[in-house]
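Enquirer: Okay, handing you the structure first.
The values are calculated or read from the model by the stated rules, or taken from the named source; none is laboratory data. Since the model is a prediction, treat every value here as computed from it, not as a measurement. Note that we place each Cβ from the backbone using ideal geometry, even for glycine, and neighbour counts take in every protein chain shown.
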C-alpha cells in the first residue's frame with residue numbers, strides 16, 4: 001500500500017500478525033482500527049469508519065502505532081453504584097395534600113377526608129346555586145342542626161370567596177332575628193374541597209312554606225313577621241351589611257315563634273353606612289330598581305336601602321302569595337320602568353298597611369326610609385294581636401315539626 005509522505009517514517013510490515021492498531025488522523029476525529037474493524041471513537045461527534053487506511057483529502061498522513069505505543073485514554077470517574085432497591089427501598093417524601101389552605105390565614109379548621117361521623121340522620125332540605133343544605137343530628141347531643149355544604153372552586157389559595165358568608169354569619173350570629181352560627185370547616189378530599197357551615201336548624205321551615213300553605217297570610221300575621229324581619233335588617237344595617245336577597249324563602253320560623261333571616265351567600269360588607277356597592281345581585285322579582293340599573297348601565301351603585309325594597313316586595317308576597325310581575329316575561333324591565341307596585345286587592349287591606357308598603361317601595365333610594373325608621377311606623381308599632389299571633393305561630397311550628405319528627409320541637413332544643 002502506498003502512502004504519501006516520508007517513506008522513512010513508514011514502518012516495515014511484520015511477517016507475522018502482530019497485535020497492532022492503526023490510528024486514522026482526520027480533521028476532527030480519531031478512530032482506532034484493527035484489521036479494518038473499528039473498535040471505538042475518541043472524539044464526540046466522530047463517526048466510525050470501516051474502510052481501510054487511506055490518505056486524507058487534505059494530504060494529512062496516517063500514523064501506524066502498535067498497541068504498546070498507543071496512548072491510553074484518560075480514566076473515567078466511576079459511576080455511583082446502583083442502589084439495591086429491593087433490599088433497601090429509598091424513603092419516599094410524603095406527597096402534598098390534594099389541596100392546601102392556611103388555617104391561620106382563613107381562621108377555619110381544615111380537615112382531610114372527613115367522614116362526618118359526628119352527625120347522623122341526614123336529610124336534604126334544599127339546594128341552590130350556593131350549595132346544598134342538610135338537616136342532621138349532632139351525635140353528642142342528638143340536637144338537629146343545619147349543615148350547608150358548598151363546593152370551593154379554588155384549592156390552593158387563602159382568598160376563598162365562599163368564606164365571605166361564614167365571616168358575615170360570625171358577625172351577625174347572636175341576634176334573635178338572625179340564624180345562629182355554630183361553626184365551620186373545610187373538608188378536603190381527592191375529588192373536591194367543601195366548605196361545611198354548621199348553623200341553627202329552624203324547625204318551622206321557611207316563610208315560603210307557611211305562605212304556600214295559607215296562600216295569603218292575615219294582616220296581623222304580616223305585621224308580626226314584618227316587625228321581626230325589620231329588627232333583623234336593622235341589626236344587619238347597623239353593622240353595614242347588605243343582605244341583597246330578602247324574600248320569603250330566606251326567612252325562617254323556629255320554636256318558639258321566632259322569625260330569622262338566613263342565607264348570607266349574597267350578602268356584602270360595606271365600609272360605612274353611606275358606602276355603596278355594585279353588581280346585579282339577588283332574585284329578580286325582589287330586586288330594587290337601583291340594583292336592576294346595574295344590569296343596564298355601567299357605574300350604577302346601591303347601598304343598604306336595597307334591602308328595604310326587597311322587604312316591601314316580601315310583604316306583598318305574604319299578602320298575595322306571589323311577588324309582583326312574577327309571571328312577566330321580563331320582570332326586571334317592568335320593575336325599572338313602571339311605577340312602584342302595590343297590593344292588587346287594596347280594599348282587603350288596611351290603609352296603614354298600604355302606607356307602609358308605599359314607603360318601602362319608594363323608587364328613589366335616597367327618599368326610601370331605613371329599617372330603623374320603619375320600625376316606628378304605626379303598622380309595626382300598633383299590634384293588638386301580637387300575643388295571639390305568637391300562639392298561632394307556635395302551633396303552626398309545632399305541627400310542622402311533629403309531622404316531620406314525630407315529637408315536639410321543645411324536645412330538640
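Enquirer: Would it be correct to say that residue 194 is outside the structural domain of residue 322 (by TED's automatic domain parsing), surrounded by fewer than 17 Cβ atoms within 10 Å (Cβ to Cβ) and farther than 19 Å from residue 259 by Cα?
Expert: Considered against the rule, which asks whether it is outside the structural domain of residue 322 (by TED's automatic domain parsing), surrounded by fewer than 17 Cβ atoms within 10 Å (Cβ to Cβ) and farther than 19 Å from residue 259 by Cα, residue 194 comes out as no.
Enquirer: Quickly run through segment 239-282 and pick out the residues that are surrounded by fewer than 17 Cβ atoms within 10 Å (Cβ to Cβ) and within 23 Å of residue 146 (Cβ to Cβ).
Expert: Within segment 239-282, 239, 256, 269 qualify.
Enquirer: Would you confirm whether any residue within segment 296-311 is within 28 Å of residue 209 (Cα to Cα) and without any contact (Cβ under 8 Å) to a residue 60 or more places away in the chain?
Expert: Yes, because at least one residue in segment 296-311 is within 28 Å of residue 209 (Cα to Cα) and without any contact (Cβ under 8 Å) to a residue 60 or more places away in the chain.
Enquirer: Taking the options 348, 302, 297, name whichever one is at pLDDT below 95 and either touching a strand residue (DSSP E or B) at 6+ places or on another chain (Cβ under 8 Å) or under 18 Å from residue 216 (Cα atoms) (or both).
Expert: After ruling out the rest, the residue left standing is 348.
Enquirer: Just name the residue that is modelled with the lowest pLDDT out of those in segment 374-396 that are within 37 Å of the chain's Cα centre (by Cα) and closer than 30 Å to residue 306 by Cα.
Expert: If we take residues in segment 374-396 being within 37 Å of the chain's Cα centre (by Cα) and closer than 30 Å to residue 306 by Cα, then 393 is modelled with the lowest pLDDT.
Enquirer: Another one. Taking residue 396, is it under 20 Å from residue 227 (Cβ atoms) and touching a strand residue (DSSP E or B) at 6+ places or on another chain (Cβ under 9 Å)?
Expert: In short, yes.
Enquirer: Considering each of 185, 213 in turn, give the residue that is assigned by TED's automatic domain parsing to the domain that holds residue 231 and either surrounded by fewer than 15 Cβ atoms within 10 Å (Cβ to Cβ) or not in a loop (DSSP other than H, G, I, E, B) (or both). Quick ask: steps written out before the conclusion?
Expert: Values: 185 fails: assigned by TED's automatic domain parsing to the domain that holds residue 231.
None of the other options fit; the residue is 213.
Enquirer: Answer yes or no: is there a residue in segment 120-135 that is modelled with pLDDT under 90, in a loop (DSSP other than H, G, I, E, B) and over 22 Å from residue 246 (Cα atoms).
Expert: Looking for residues that are modelled with pLDDT under 90, in a loop (DSSP other than H, G, I, E, B) and over 22 Å from residue 246 (Cα atoms), one finds none in segment 120-135, hence no.
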